[in-house]
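> Mind having a look at this structure? Questions to follow.
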Amino acid sequence: MSSVISYQVKPISPEAHLFEVTLKIAEPDQQGQMLVMPSWILGSYMIRDFAKNLVTLTAQSGGQQVAWEKQDKQSWLFAPCGGELTVTYTIYAWDLSVRSAHLDTTHGYFNGTSLFLRVVGQEQQPCDVELLPPDGDAYVGWRVATTLQENMASYLGFGSYQAANYDELVDHPVEMGAFDYAEFEVAGVPHAIAITGRHDADMERLCSDLEMLCNSHIDMFGQLPEMDRYLFQVMAVGDGYGGLEHRSSTSLICKRTDLPKRGEEKVTKGYRQFLGLASHEYFHLWNVKRIRPEAFKTADLSKEVHTRLLWAFEGITSYYDDLSLIRTGRVETESYLELLAQVITRVQRGSGRLKQSLSDSSFDAWTKFYKQDENAPNAIVSYYAKGALAALALDLTIRKETAGRLSLDDVMRALWERHGRTDTGVAEGDIESLVMEVTGLDLGDFFDRAIRGTDELELAPLLAHFGIGYRLCPAGSVDDLGSGKAPESTEEARPVLGARIKSSNGAAELAVVLDGGAAQKAGLSAGDTLVAIGGIRATAGNVNDLVASVEKGERVEVHAFRRDELMSFDLKPLPAPEDTCHLWLLESPAPEVESRRSSWLGLG
Ligand code: ZN
């Protein structure tokens, strides 16, 4: 049986990065059919105007050309026609990210939001998708990795797939090429990983580690949401990082060196990051794909959709992504504490945390978090990083106040039961009221301060209750992001510039000038290129050392270019702020403290 809407996708010219899509609409709107390209993709809150990549478009019906007129940047209106309307268009695909589409002679990848025009008025109709390989002998080895439902296609094959409606159609990205592929099973559901790009990964180890992480999330929520199978789609590159969640798959980009090499047994920092990313996206199967904001249930992909809850969907997910690494024994305690300390450091290093609340950060994600400029650290706070810390504070508070009877895990299960399983959208106040209902605690003040306010989260006393030491120290060096160990020395803080440097062909350009820092006080600005400090040539490599060598309390002359004008500044370096977090296991804790700690971290 064929659907009334069908899309055929063919990489018509991998060399030119062009997909050709042929869309057939059996019963177009009698008044004239409108087709619209999405401007954003769920999970990535930025207007991306995917329509800009549409290169050519023709339409015909019954052998006759059909006229069309563009209505706005992403909408096309076709003249009324008697019968089936066929629209053929090409899409330029050269964005190697998880959010768009990419095609060359080595592989093709696309999200439906980049390729599929929406048939206005027929969004609920089922559609057929025919995937075709590129022409030529070079492509005979290509296969397909997607969680789109096969129709006539064989498993991993080109051919006919289907989707129940437009929403589903655009939530199953497609990878085509000569990827590596391995399968494993979790909760009776087939899982797989497909890796594109050159790599030397130990597929067996990947499968067993992923299986363990998947099981840990399933154990916490009580069940895997209903799905036929799940796919980790991985693009391995020299340098890159990112992931995007879908209803039964995820697309990931990582460094090939982050993947575990054959014969290697330890969890490197790179592999720890990869596992954290995979864990994060899998957790989204519940938290945001099914437990989702009311506003996302019928999300209009043609314009921004706001929610004040991204701190919960991204922050809580970020909290559990790393927590599951220690709970499954993938990393040691010190390694987990290091990850946590680094999140705290990240938040502490931006004074934006004192100006923007998590609620506002969530709401303005579109124009602020996703469009960060040189002032971002001074103006905004990340709903990922601070959101994860708010989740930590909430978890520890619940554990503490209920004497270990309950935790955030219970809240997540309740959210799943109430909102996820039943697909009942989460309204703005629902999470807070559910937390209070499940725990019986009055946490109104906590939410006012942590979510709607800009007070510092008081983590130190909470962590101490669980046998974890917490201290903020001046950074020992520019690379010091914090640690999972007690701080070593109490040396005096180094004098610092109060700016972040980026290398511009080796020259020291100011990427960020921090509020209240020495650079800002001296009048230096982001974009300035430092030429000399105290008469010595400055480079990206030596700036911090030159500043650190200035005697305490002394001033130094700085020369810098602003645009093409040479300027002189009188700089007084300031002591490095106490913005670098160290966490450690407190020694010889009382037995009840140790037992709380073990229960939280899933130890022993
Ligand atoms: Zn996420």
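> Condition first: under 27 Å from Ser13 (Cβ atoms) and part of a loop (DSSP other than H, G, I, E, B). Now tell me which residues in region 41-57 satisfy that.
Arg48, Asp49
> Mind checking whether some residue in region 371-384 is of a type in the set (A, V, I, L, M, F, W, C), in a helix (DSSP H, G or I), in contact (Cβ under 8 Å) with a residue 12 or more places away in the chain and crowded, with 19+ Cβ neighbours inside 10 Å?
Looking only at region 371-384, we keep the residues that are of a type in the set (A, V, I, L, M, F, W, C), and these are 376, 379-381.
Cutting the leftovers down to in a helix (DSSP H, G or I) gives us 376, 379.
Subset that is in contact (Cβ under 8 Å) with a residue 12 or more places away in the chain: 376, 379.
Subsequent filtering for residues that are crowded, with 19+ Cβ neighbours inside 10 Å retains none.
The answer is no, given that none of the residues of region 371-384 is of a type in the set (A, V, I, L, M, F, W, C), in a helix (DSSP H, G or I), in contact (Cβ under 8 Å) with a residue 12 or more places away in the chain and crowded, with 19+ Cβ neighbours inside 10 Å.
> From the list Asp455, Asp448, which residue is outside any helix (DSSP H, G or I), without any contact (Cβ under 8 Å) to a residue 24 or more places away in the chain and under 30 Å from Ile398 (Cβ atoms)? Talk me through it step by step, then tell me what you get.
On the way: Asp448 fails: outside any helix (DSSP H, G or I).
Within the list Asp455, Asp448, the selection yields Asp455.
> Would you confirm, using the coordinates I've provided, whether Asp219 is closer than 16 Å to Gly188 by Cβ and either modelled with pLDDT under 95 or away from the ligand (no atom under 16 Å from the Cβ) (or both)? Break it down stepwise before answering.
Numbers: closer than 16 Å to Gly188 by Cβ: yes; either modelled with pLDDT under 95 or away from the ligand (no atom under 16 Å from the Cβ) (or both): yes.
Judged against the criteria, Asp219 is a match.
> Can you find, within region 276-317, the residue that is nearest to the ligand (Cβ to nearest atom) among those that are in contact with a His (Cβ under 8 Å, 6 or more places away or on another chain) and among the aliphatic types (A, V, I, L, M)?
That would be Leu285.
> Can you tell me which residue is nearest to Lys269 (Cα to Cα) among those in region 480-510 that are among the polar types (S, T, N, Q) and under 28 Å from the mean Cα position of the chain (by Cα)?
Within region 480-510, the subset among the polar types (S, T, N, Q) is 483, 489-490, 503-505.
Filter again for under 28 Å from the mean Cα position of the chain (by Cα), leaving 483, 503-504.
Values: Ser483: 13, Ser503: 24, Ser504: 27 Å.
Among those that are among the polar types (S, T, N, Q) and under 28 Å from the mean Cα position of the chain (by Cα), it is Ser483.
> Next question. Out of all the residues in region 35-72, which are hydroxyl-bearing (Ser, Thr, Tyr) and within 16 Å of the ligand (Cβ to nearest atom)? Walk me through how you get there before you give the answer.
Taking region 35-72 first, the residues hydroxyl-bearing (Ser, Thr, Tyr) are 39, 44-45, 56, 58, 61.
Answer for region 35-72, where residues must be hydroxyl-bearing (Ser, Thr, Tyr) and within 16 Å of the ligand (Cβ to nearest atom): Ser44, Tyr45.
> Please verify whether Met235 is over 20 Å from the mean Cα position of the chain (by Cα) and either at pLDDT 95 or above or more than 16 Å from the ligand (Cβ to nearest atom) (or both), treating the condition exactly as stated. Steps first, please.
Details: over 20 Å from the mean Cα position of the chain (by Cα): no; either at pLDDT 95 or above or more than 16 Å from the ligand (Cβ to nearest atom) (or both): yes.
No.
> Also, I was wondering about something else. Looking for something in contact with an Asp or Glu (Cβ under 7 Å, 6 or more places away or on another chain), more than 16 Å from the ligand (Cβ to nearest atom) and modelled with pLDDT of 95 or more - is there at least one such residue anywhere in region 364-372? First the steps, then the outcome.
Narrowing region 364-372 to residues in contact with an Asp or Glu (Cβ under 7 Å, 6 or more places away or on another chain): 366.
If we keep only those that are more than 16 Å from the ligand (Cβ to nearest atom) too, we end up with none.
No, there is no match, as no residue in region 364-372 is in contact with an Asp or Glu (Cβ under 7 Å, 6 or more places away or on another chain), more than 16 Å from the ligand (Cβ to nearest atom) and modelled with pLDDT of 95 or more.
> Select the helices (runs of 4 or more DSSP H) contained entirely in region 252-333, then report the ones holding at least 1 residues which are at pLDDT 95 or above and in contact with a strand residue (DSSP E or B) (Cβ under 6 Å, 6 or more places away or on another chain). Don't jump to the end; show me each part of the working.
On the way: elements: 269-283, 294-297, 317-327.
Fully inside region 252-333 and qualifying: 269-283, 317-327.
> Shifting gears a bit: Across region 255-275, what is the number of residues that are free of Cβ contacts under 8 Å to residues at least 40 places away in the same chain and either within 16 Å of the ligand (Cβ to nearest atom) or closer than 29 Å to Leu394 by Cα (or both)? Before the answer, list the steps.
First, pick out the residues of region 255-275 that are free of Cβ contacts under 8 Å to residues at least 40 places away in the same chain: 255, 257-258, 265-266, 268-271, 273-274.
So of that shortlist, the ones also either within 16 Å of the ligand (Cβ to nearest atom) or closer than 29 Å to Leu394 by Cα (or both) come out as 269-271, 273-274.
Matching residues across region 255-275 total 5.
> Moving on. Looking at region 221-232, can you tell me whether even one residue there is under 16 Å from Gln273 (Cα atoms) and not in a loop (DSSP other than H, G, I, E, B)? Please lay out each step first, then the result.
Here is the first cut: in region 221-232, the residues under 16 Å from Gln273 (Cα atoms) are 232.
Restricting the remaining residues to those that are not in a loop (DSSP other than H, G, I, E, B) gives 232.
Scanning region 221-232 turns up at least one residue that is under 16 Å from Gln273 (Cα atoms) and not in a loop (DSSP other than H, G, I, E, B).
> Quick one: which of Glu226, Glu245 is within 13 Å of the ligand (Cβ to nearest atom), modelled with pLDDT of 95 or more and under 29 Å from Thr422 (Cα atoms)? Even if it seems obvious, please write down each step before you answer.
Details: Glu226 fails: within 13 Å of the ligand (Cβ to nearest atom).
Criteria check complete, one pass: Glu245.
> Search region 350-369 for residues that are in a loop (DSSP other than H, G, I, E, B) and pair each with any residue that is among the β-branched types (Val, Ile, Thr) when their beta-carbon atoms are under 6 Å apart and the residues are at least 6 apart or on different chains.
Close Cβ pairs (under 6 Å, with a partner that is among the β-branched types (Val, Ile, Thr)) amount to Gln356/Ile380; Gln356/Val381; Ser357/Thr454; Lys368/Ile380.
> Quick check on region 111-137: of everything there that is within 28 Å of the chain's Cα centre (by Cα) and outside any strand (DSSP E or B), which residue is surrounded by the fewest Cβ atoms within 10 Å (Cβ to Cβ)?
Glu123
> Which one of these does Trp584 not meet: (1) in a loop (DSSP other than H, G, I, E, B); (2) under 30 Å from Leu340 (Cα atoms)?
(1) is the only condition that Trp584 fails.
> Does any residue of region 19-35 turn out to be crowded, with 20+ Cβ neighbours inside 10 Å, of a type in the set (Val, Ile, Thr) and modelled with pLDDT of 95 or more?
Yes: one or more hits.
> I've got another one for you. Would you mind finding the one in Pro38, Pro11 that is under 21 Å from Cys127 (Cα atoms), in a strand (DSSP E or B), under 29 Å from the mean Cα position of the chain (by Cα) and touching a residue at least 24 places away in the same chain (Cβ under 8 Å)? Walk me through it before giving the result.
On the way: Pro38 fails: in a strand (DSSP E or B).
Exactly one of Pro38, Pro11 is under 21 Å from Cys127 (Cα atoms), in a strand (DSSP E or B), under 29 Å from the mean Cα position of the chain (by Cα) and touching a residue at least 24 places away in the same chain (Cβ under 8 Å), namely Pro11.
> Tally up the residues in region 494-523 that are buried (at least 16 other Cβ atoms within 10 Å of the Cβ) and either modelled with pLDDT under 95 or assigned to a strand (DSSP E or B) (or both), please.
Selection size over region 494-523: 12.
> Considering only residues that are modelled with pLDDT of 95 or more, surrounded by fewer than 17 Cβ atoms within 10 Å (Cβ to Cβ) and within 29 Å of the chain's Cα centre (by Cα), which ones fall in region 464-479?
Hit for region 464-479 is Arg471, nothing else.
> Condition first: of a type in the set (A, V, I, L, M) and more than 17 Å from Ser6 (Cβ to Cβ). Can you find one or more residues in region 100-116 that meet it? Please lay out each step first, then the result.
First pass over region 100-116, keeping only residues of a type in the set (A, V, I, L, M): 101, 103, 115.
Next cut, more than 17 Å from Ser6 (Cβ to Cβ) only: 101, 103.
The answer is yes; a qualifying residue exists.
> Moving on to the next point. Quick check on region 394-410. Is at least one of its residues in contact (Cβ under 8 Å) with a residue 12 or more places away in the chain, crowded, with 22+ Cβ neighbours inside 10 Å and within 16 Å of the ligand (Cβ to nearest atom)?
no
> Output the residue which, of all residues in region 318-350 that are hydroxyl-bearing (Ser, Thr, Tyr) and away from the ligand (no atom under 16 Å from the Cβ), is farthest from Asp373 (Cα to Cα).
Here is the first cut: in region 318-350, the ones hydroxyl-bearing (Ser, Thr, Tyr) are 318-320, 324, 328, 333, 335-336, 345.
Subsequent filtering for residues that are away from the ligand (no atom under 16 Å from the Cβ) retains 328, 333, 335-336, 345.
Working: Thr328: 38, Thr333: 35, Ser335: 31, Tyr336: 30, Thr345: 20 Å.
In this case the residue turns out to be Thr328.
> Quick one: would you say Phe296 is buried (at least 18 other Cβ atoms within 10 Å of the Cβ) and farther than 25 Å from Asp455 by Cα?
Judged against the criteria, Phe296 is not a match.
The values are calculated or read from the model by the stated rules, or taken from the named source; none is laboratory data. Because the structure is predicted, anything quoted here is derived from the model rather than measured. Virtual Cβ from ideal backbone geometry, glycine too; neighbours counted across all protein chains shown.
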